[in-house]
1. Exactly one of these conditions fails for A:ILE67: (1) open to solvent by less than 50 Å² (accessible area, probe 1.4 Å); (2) of a type outside the set (Gly, Ala, Ser); (3) more than 30 Å from B:PHE329 (Cα to Cα); (4) more than 13 Å from the chain's Cα centre (by Cα). Give me its number.
2. When the residues of segment A:48-60 are narrowed to those that are surrounded by 15 or more Cβ atoms within 10 Å (Cβ to Cβ) and within 12 Å of the chain's Cα centre (by Cα), which ends up nearest to the other protein chains (Cβ to nearest Cβ)?
3. Against the conditions (1) out of contact with any helix residue (DSSP H, G or I) (no Cβ under 7 Å at 6 or more places or on another chain); (2) more than 14 Å from chain B (Cβ to nearest Cβ); (3) crowded, with 21+ Cβ neighbours inside 10 Å; (4) of a type in the set (A, V, I, L, M, F, W, C), where does A:VAL45 fall short? Just the number, please.
4. Which residues, counting only those in segment B:174-209, are hydrophobic (A, V, I, L, M, F, W, C), open to solvent by less than 40 Å² (accessible area, probe 1.4 Å) and not in a loop (DSSP other than H, G, I, E, B)?
5. For B:PHE276, all conditions in the list (1) open to solvent by 30 Å² or more (accessible area, probe 1.4 Å); (2) away from every other protein chain (no Cβ under 14 Å); (3) modelled with pLDDT of 95 or more hold save one; what is the number of the exception?
6. For segment B:121-141, which residues satisfy the criterion of being crowded, with 21+ Cβ neighbours inside 10 Å and of a type in the set (A, V, I, L, M)?
7. Looking at B:LEU362, is it out of contact with any Cys (no Cβ under 9 Å at 6 or more places or on another chain), over 20 Å from B:SER255 (Cβ atoms) and open to solvent by 40 Å² or more (accessible area, probe 1.4 Å)?
Amino acid sequence: MKYTEEHEWLEADDDGVVTVGITAHAAEQLGDVVFVELPEVGTSVNKDDEIVVIESVKAASDILAPIDGEIVEVNEAIVSEPGKVNDDPEGDAWFFKIKAEELGQMDDYMDEAAYKSFIG
Amino acid sequence: MSDEDGALKRTPLYDLHVSLGAKMVPFAGYEMPVQYPLGVLKEHQHTRARAGLFDVSHMGQVVLRAKTPEMARAALERLVPVDVLGLAEGRQRYGFFTNDYGGIEDDLMIANRGDHLFVVVNAACKAADIARMRAALEPEVTVKEITTRALLALQGPAAEAVLAEHHPGVREMKFMDVETLPIAGAECWISRSGYTGEDGFEISVPEAAAVDLARALLAHDEVEAIGLGARDSLRLEAGLCLYGHDIDADTTPVSAGLVWAMQKVRRPGGDREGGFPGAAEIFGDLAESTAQRRVGLRPEGRAPMREGVEIFAAESGGEAVGRVTSGGFGPTVGGPVAMGYVSTALAAEGTLLYGEVRGKRLPVKVAKLPFVAQGFKR
């Protein structure tokens, strides 16, 4: 598992498909999530593109594509039930899966220990 | 709004908020709880289902006295388009200060407490409000800011049962009644009112007794501490205006849909018509209507439309016909809700409009306010 400074987690499978979600820390900071807008399957994205909108009771925020690639699956369950993001952000409430163009881009991100010290 | 050194002020309940795990934020010059560990959504739902306790001590509490109570009531009418003279003893009324252009300088609650008037104003406006009252009413009226009392709000369907355990007299009170009752050994100035759309009470309590009273109320299973976050979503669902957002110096009572708060006696043809700042402008608006009107807005999709979202008549092209002044997610409604101003011609309930969110025009319908049924005990 890798972590970004934008509080996303990334987990790659053996086929180079990376599942992306937000961390428990991020979900807690956001507060109760009430709206999620996900990209369309098949979209090609570049690292740092704003591809997800997430709104909590407090404010709207964007989630950036952490790597280059193609969106191959999105989690519709969190669109119909945004509260799942607060319930299980690092499990069932993943956001999207992206077929990486170059898995090496993940090397730039933090491991769990580094992320824990990053959020203090 | 804050001390001269810029430091944030604290209410008498500050330490209690921190001990309850509140997230404290700056608000109108005070450090206030925006939410507790329960979170905004559950705090909102708890208030609608049972009862919530709010610290609103940052608001301004002001006592007005004159040689006779009638003199004080008549004098205040010079600043508000409200029937204050006819306000019976033991009753409270909503009102607003107007400016020379007919705009709203602040909204307030006015209570007739027998030998004096008790006025509650918004925290962000209180210095200006007090200065306005002093300039216009002194020396005939003495204007005294009460700085030694906290203000608590207990809101929700269980509020009466909870407070009645501390003094059964509250059961006799009706919506907008005011009373002085001893609670937990302290002289409390109580009104049956609030700003959530629910039944409930606002309790002015001497600051030395405030923490004990708050703890005594929180000791009831029905009561949870509620922060500013849920206070905002509760009042938005209830269709109530937030000063500085839904009403301000540029909105008039007519465009804001607050004509109900101007009793007939102060309107054209009434026995005491006019006599407040901006009367001519407001009467003009009454006769000719206004270019825009405040309306409820119910987005058709799930995306919240927040303050500042521009409203259009068509899905593409054209100039904006309005904007959102308060908006977010309504936990009781179960979807996004908003208020805003739109062209009067497009203000009819059910009119389909479009709000531009992140560059996309999304459908939104003009909706009846409030979004939830009021729980007031009339």
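1. Going through (1) open to solvent by less than 50 Å² (accessible area, probe 1.4 Å); (2) of a type outside the set (Gly, Ala, Ser); (3) more than 30 Å from B:PHE329 (Cα to Cα); (4) more than 13 Å from the chain's Cα centre (by Cα) one by one, A:ILE67 breaks only (4).
2. Among those residues, the one meeting the criterion is A:VAL53.
3. Going through (1) out of contact with any helix residue (DSSP H, G or I) (no Cβ under 7 Å at 6 or more places or on another chain); (2) more than 14 Å from chain B (Cβ to nearest Cβ); (3) crowded, with 21+ Cβ neighbours inside 10 Å; (4) of a type in the set (A, V, I, L, M, F, W, C) one by one, A:VAL45 breaks only (3).
4. Step one: of segment B:174-209, the residues hydrophobic (A, V, I, L, M, F, W, C) are B:175-176, B:178, B:181, B:183-184, B:186, B:188-190, B:201, B:203, B:205, B:208-209.
Filter once more, keeping what is open to solvent by less than 40 Å² (accessible area, probe 1.4 Å): B:175-176, B:178, B:181, B:183, B:186, B:188-190, B:201, B:203, B:205, B:209.
B:VAL178, B:LEU181, B:ILE183, B:ALA186, B:CYS188, B:TRP189, B:ILE190, B:PHE201, B:ILE203, B:VAL205, B:ALA209, listed by residue number.
5. The one condition B:PHE276 does not meet is (1).
6. Correct list: B:VAL121, B:MET133, B:VAL141.
7. Yes, satisfied.
This table checks each residue for (1) touching a Ser or Thr at 6+ places or on another chain (Cβ under 6 Å); (2) at pLDDT below 95; (3) within 14 Å of chain B (Cβ to nearest Cβ).
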site	(1), (2), (3)
A:GLU28	no, yes, yes
A:GLY69	no, no, no
A:VAL74	no, no, no
A:LYS97	yes, no, no
A:LEU103	no, yes, no
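The values are calculated or read from the model by the stated rules, or taken from the named source; none is laboratory data. As the structure is a computational prediction, the values presented were derived from the model and not from experiment. Because the Cβ atoms are built from the backbone with ideal geometry, glycine has one as well, and the counts that use them run over all protein chains shown. Note: areas computed on protein heavy atoms with side chains; ligands, DNA, RNA excluded. Shrake-Rupley method; radii C 1.70, N 1.55, O 1.52, S 1.80 Å.
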